[in-house]
Amino acid sequence: MRLSQPGNRTSSSVLIYVILLVSFQVFLLTIAVEAFADDSETLAWSSAAVSVVVAGAAIAFLRFLRT
Amino acid sequence: MNTSDTDSEMHEAVPTWKRDFPYQAASEEEVTRREFARYLVLGASSMAAANVGIAVWTQLRSINVGEPRAVVALDTLAVADTHLFRYPTDADPAVLLRISEDEVVAFSQKCTHLGCVVFFEAEEDRWHCPCHEGNFEAATGAVISGPPTRPLGKIDVEIRDDGMIWALGQVERS
């Protein structure tokens, strides 16, 4: 039986985190469009702020990813 | 070793699915996990930029709330009567309701759920959207039931001394 290496497992976990963060970005984009339709500036800016933080987190995760 | 032996060895080496579907792409390139993740992060960053762009657009755009104009004479409407008109542009259906002798209200006729046209139900004293059974309060446009989450778009109206009802502009939501 082949066991996966710890490094491999870390890379897979990081990749899963990144996929989750991208899914969250899609959700935030729908919130932004909803805020635009509702002319809700507060919601639009809140969504943008969280979206930037999430993008930053995704970039930070990339550093931990091996090939 | 004869030819049949060599053939059987080759058959064993090649998986069955590959023998059944011997498809070979012109250039099969491997994408590493890191490259794949980089594309994802690029997508996430683009979405964040789009999100900020939408926020800026929401902040800076100006919404046409309409210019004051006469709509209809008060004495042509009985209590609980409605009058259809267009406001603030000809593409925006609106409806005016006389709720008492000296009180009128007006709303955008577009349901805030998916934009169907609402109409007044006098027996229930409410605005009703037939598409998805959304209901709004007659006097305020607040949601009573159904899928809409936002109230109807309100239009400021007043009765002037000459007996005409004037639309003054759409009420901006905070």
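The values are calculated or read from the model by the stated rules, or taken from the named source; none is laboratory data. As the structure is a computational prediction, the values presented were derived from the model and not from experiment. Every residue, glycine among them, receives a Cβ derived from its backbone with ideal geometry; neighbour counts consider all protein chains shown.
Looking only at region B:127-164, residues that are out of contact with any Gly (no Cβ under 8 Å at 6 or more places or on another chain) and on the phi > 0 side of the Ramachandran plot come to 1 in all.
Scanning region B:25-61 for residues that are away from every other protein chain (no Cβ under 11 Å) and either among the small types (Gly, Ala, Ser) or in contact (Cβ under 8 Å) with a residue 12 or more places away in the chain (or both) yields B:Ala25, B:Ala26, B:Ser27.
Here is a check on your reading of the model: is A:Glu34 facing another protein chain (nearest Cβ under 7 Å) and acidic (Asp, Glu)? No; evaluated as a whole, the condition is false for this residue.
Against the numbered list (1) at pLDDT 95 or above; (2) exposed (fewer than 15 other Cβ atoms within 10 Å of the Cβ); (3) of a type outside the set (Phe, Trp, Tyr), B:Leu96 comes up short only at (2). Could you figure out which of (1) modelled with pLDDT of 95 or more; (2) within 14 Å of another protein chain (Cβ to nearest Cβ) isn't true of B:Ile144? Exception for B:Ile144: condition (2).
Determine which member of the set B:Asp81, B:Asp90 is out of contact with any Phe, Trp or Tyr (no Cβ under 7 Å at 6 or more places or on another chain), without any contact (Cβ under 8 Å) to a residue 12 or more places away in the chain and of a type in the set (D, E, K, R). First the steps, then the outcome.
Working: B:Asp81 fails: without any contact (Cβ under 8 Å) to a residue 12 or more places away in the chain.
Result of the check over B:Asp81, B:Asp90: B:Asp90.
Flag set for B:Asp90, criterion: exposed (fewer than 11 other Cβ atoms within 10 Å of the Cβ) and under 28 Å from the mean Cα position of the chain (by Cα). Of all residues in region A:37-66, those satisfying the criterion of being of a type in the set (Val, Ile, Thr) and either more than 7 Å from chain B (Cβ to nearest Cβ) or in contact (Cβ under 8 Å) with a residue 24 or more places away in the chain (or both) are A:Thr42, A:Val50, A:Val53, A:Val54. Filtering region B:57-66 to residues that are exposed (fewer than 13 other Cβ atoms within 10 Å of the Cβ) and modelled with pLDDT of 90 or more leaves B:Trp57, B:Gln59, B:Leu60. Among the residues making up region B:93-136, a single one is touching a strand residue (DSSP E or B) at 6+ places or on another chain (Cβ under 7 Å), of a type in the set (S, T, N, Q) and farther than 26 Å from B:Met164 by Cβ: B:Asn135.
Anything in region B:49-79 that is touching a Gly at 6+ places or on another chain (Cβ under 9 Å) and at negative phi? List them, or say none. Matches in region B:49-79: B:Val65, B:Glu67, B:Pro68, B:Ala73, B:Leu74, B:Asp75.
Yes/no matrix, rows are residues, columns are (1) modelled with pLDDT under 95; (2) within 14 Å of chain A (Cβ to nearest Cβ); (3) not in a loop (DSSP other than H, G, I, E, B):
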residue: B:Ala106; (1), (2), (3): no, no, yes
residue: B:Glu123; (1), (2), (3): yes, no, no
residue: B:Phe136; (1), (2), (3): no, no, yes
residue: B:Pro151; (1), (2), (3): yes, yes, no
residue: B:Gly169; (1), (2), (3): yes, no, yes
residue: B:Ser174; (1), (2), (3): yes, yes, no
